[in-house]
Amino acid sequence: MSAETYNRIRRILFSVSNDPKRGFSAAYDMMEATYRQQLDVHGYIGLMAELRFYQRHGQEYCLTIGGDMGKHADFAGMYRAEPTRFDVTTNLAFKRFEDYEPFMGKGLAYKIALLDHQNFEIVDVLNLAFPRCELCGGHLFPAIVLLGRNYDRHGESLWSNDQVLLEVCGGCEEIIERNRFTHHGLLSVDENFDYGYGLDDDVPAFDRNRDYAVSAYKSFRRKCSDYLMAVGSHRYHVTERDGGGHWAIDFDFMNDAVMGSMPRHVECSHKM
Ligand SMILES: [Zn+2]
């Protein structure tokens, strides 16, 4: 399931559910008849949870649906008279999450709506929380890095890219690798820019890269971590006149909730 597939189906189903002549029951019918088979299991459960949350709590929390570009949260709304963004999850490791330290960012309030993955009833509305760094006590923020294309040792393209799920400490900038994925056709941010697939030339480079990163963000949130906060690239930074420099992870997209608390770049090794 690609990010485009997920986002396209999400747009269609929310637009059907908002249509007074069709509504939620039509959206659920379409999901079962047509779209379920186009999504993977995480995508299906994630999208069903979003629809149910919107149906049952839309009025209570004054929810508006977050788009798939730029607006990264699933919904914007109000929680106890305060403007709040909501992300919906069903697969949060709740026991582990309870040990995390609540995180109050500088931006808008940000909540996680936890739903039961079987009946999609709301279990709880939680504050964003992260584990603590053992070295310095800072918050560890989960992020995904979209690596460039894989080649074999003869230099032949394998037509696949790896993605690394890691945690970055907002204090000492330590990086801890947590998981690794391989996908066909999931380009790095720079490859996507260079190949220019479906790109509009009038859109500035920064926005293009950000939109691409947000679209990857949405599907990786479903796939690997419901409190994912950033999407990054592995790049070489030239800092010397002779071409010397260092490798770093640049975060092309960062959730507003952690803006100012999470570093924009972290130095790392050449090999990732
Ligand atoms: Zn630290």
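Points to keep in mind about this one:
- Within the range 122-151, the set of residues being within 16 Å of the ligand (Cβ to nearest atom), not small (Gly, Ala, Ser) and not in a loop (DSSP other than H, G, I, E, B) comprises Phe130, Arg132, His139, Leu140, Phe141, Pro142.
- Taking first residues from the range 16-35 that are assigned by TED's automatic domain parsing to the domain that holds Gly46 and partners that are assigned to a helix (DSSP H, G or I) and among the aromatic types (Phe, Trp, Tyr), the Cβ contacts under 8 Å between residues at least 6 apart in sequence or on separate chains come to Ser17/Phe24; Ser17/Tyr54; Ala27/Phe14; Met31/Tyr44.
- Only one entry in Asn91, Asn119 is more than 16 Å from the ligand (Cβ to nearest atom), in the same structural domain as Asp74 (by TED's automatic domain parsing) and free of Cβ contacts under 8 Å to residues at least 24 places away in the same chain, namely Asn119.
- Boolean, Ala76 is touching a Phe, Trp or Tyr at 6+ places or on another chain (Cβ under 8 Å), in the same structural domain as Asp19 (by TED's automatic domain parsing) and at negative phi: yes
- Pairing each residue of the range 123-134 that is polar (S, T, N, Q) with any residue that is at pLDDT below 90, provided the two are 6+ apart or on different chains, yields C-beta distances under 7 Å for Asn127/Pro102.
- Residue under evaluation Gln59, criteria (1) within 27 Å of Val231 (Cβ to Cβ); (2) outside any helix (DSSP H, G or I), criterion not met: (1)
- Test: Phe86 is closer than 19 Å to Val214 by Cβ, surrounded by 15 or more Cβ atoms within 10 Å (Cβ to Cβ) and hydrophobic (A, V, I, L, M, F, W, C): yes
- Residue under evaluation Arg11, criteria (1) closer than 24 Å to Arg208 by Cβ; (2) outside any helix (DSSP H, G or I); (3) out of contact with any strand residue (DSSP E or B) (no Cβ under 6 Å at 6 or more places or on another chain), criterion not met: (2)
- Residue count, the range 255-272 (criterion: over 20 Å from Phe181 (Cα atoms), part of a strand (DSSP E or B) and hydrophobic (A, V, I, L, M, F, W, C)): 3
- Complete set of residues in the range 152-192 that are in a loop (DSSP other than H, G, I, E, B), on the phi > 0 side of the Ramachandran plot and either away from the ligand (no atom under 16 Å from the Cβ) or of a type in the set (A, V, I, L, M, F, W, C) (or both): Gly155, Gly185
- The range 155-193, residues that are out of contact with any helix residue (DSSP H, G or I) (no Cβ under 9 Å at 6 or more places or on another chain) and among the aromatic types (Phe, Trp, Tyr): Trp159
- Whichever residue in the range 31-42 is surrounded by fewer than 17 Cβ atoms within 10 Å (Cβ to Cβ) and part of a helix (DSSP H, G or I) and, among such residues, is farthest from the chain's Cα centre (by Cα): Ala33
The values are calculated or read from the model by the stated rules, or taken from the named source; none is laboratory data. Owing to the predicted nature of the structure, the values given are computational and were not obtained by experimental measurement. FYI the Cβ positions are ideal-geometry reconstructions off the backbone, even for glycines, and counts take in every protein chain you see.
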